[in-house]
Amino acid sequence: MEKQTRITPKYISGLSENEIFVFGSNLRGMHGGGAARTALKWGAIMGQGVGLQGQTYAIPTMFDTAEEIQPYVDEFIKFAKSNSDKRFLVTPIGCGIAGFSVDDIAPLFDKALEVSNIYLPKEFLDYLNSYRGSGKD
């Protein structure tokens, strides 16, 4: 299988009109730190912890287990598929303040590899490409 090469830039300082900044949030939508704080400049809304907000998309990550994040990632992937005119730049959600590792979060995005307008962090792609290349899938 061909390896996915759509990589989110490590540092995002601006967005094109069709780009969406995808960040980890909490359900209460208190965007006080990390990528969530950065998202405020592109339309993230305080008090809204899930979904599209301006040129951002919030995925809640403040849970006890990575499995609790999966339904929100699945909903995001479905949303991205239905908005093919947009490019979704996923940040390393859950791997900062939420305290998860790449090994915890990257597998949640396996289905995103098949969606041409979703860009993933290099560390997520490295994990997923390695996992798929190992025959474990």
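The values are calculated or read from the model by the stated rules, or taken from the named source; none is laboratory data. Just so it is clear, the model here is predicted, and its values are computed rather than measured. We place every Cβ from the backbone using ideal geometry, glycine too, and count neighbours over all the protein chains shown.
Screening ILE69 with (1) within 20 Å of LEU125 (Cα to Cα); (2) touching a Lys or Arg at 6+ places or on another chain (Cβ under 9 Å) gives one miss only, at (2).
Among the residues of the stretch 78-94, write down those that are touching a helix residue (DSSP H, G or I) at 6+ places or on another chain (Cβ under 6 Å) and either within 16 Å of LYS10 (Cβ to Cβ) or polar (S, T, N, Q) (or both).
If the condition is that a residue be touching a helix residue (DSSP H, G or I) at 6+ places or on another chain (Cβ under 6 Å) and either within 16 Å of LYS10 (Cβ to Cβ) or polar (S, T, N, Q) (or both), then THR91 is the only one that fits.
Residues in the stretch 44-78 that are in contact (Cβ under 8 Å) with a residue 12 or more places away in the chain, of a type in the set (Val, Ile, Thr) and closer than 19 Å to ASP104 by Cβ: ILE59, THR61, ILE69, VAL73, ILE77.
Just to be sure I understand, how many residues within the stretch 120-132 are surrounded by fewer than 20 Cβ atoms within 10 Å (Cβ to Cβ) and within 16 Å of PHE23 (Cα to Cα)? The qualifying residues number 2.
Being closer than 22 Å to PRO107 by Cβ and either at pLDDT below 95 or out of contact with any helix residue (DSSP H, G or I) (no Cβ under 9 Å at 6 or more places or on another chain) (or both) is the requirement here; does LYS41 meet it? No; evaluated as a whole, the condition is false for this residue. Per the listing LEU108, LEU89, the residue uniquely in contact with a Ser or Thr (Cβ under 8 Å, 6 or more places away or on another chain), within 15 Å of PHE23 (Cα to Cα) and touching a residue at least 24 places away in the same chain (Cβ under 8 Å) is LEU89.
Annotation: of all residues in the stretch 32-62 being of a type in the set (Gly, Ala, Ser) and farther than 21 Å from LYS86 by Cα, the one that is surrounded by the most Cβ atoms within 10 Å (Cβ to Cβ) is GLY34. Among the residues of the stretch 1-31, just one is surrounded by fewer than 18 Cβ atoms within 10 Å (Cβ to Cβ), in contact with a helix residue (DSSP H, G or I) (Cβ under 6 Å, 6 or more places away or on another chain) and under 10 Å from VAL90 (Cα atoms), namely ILE7.
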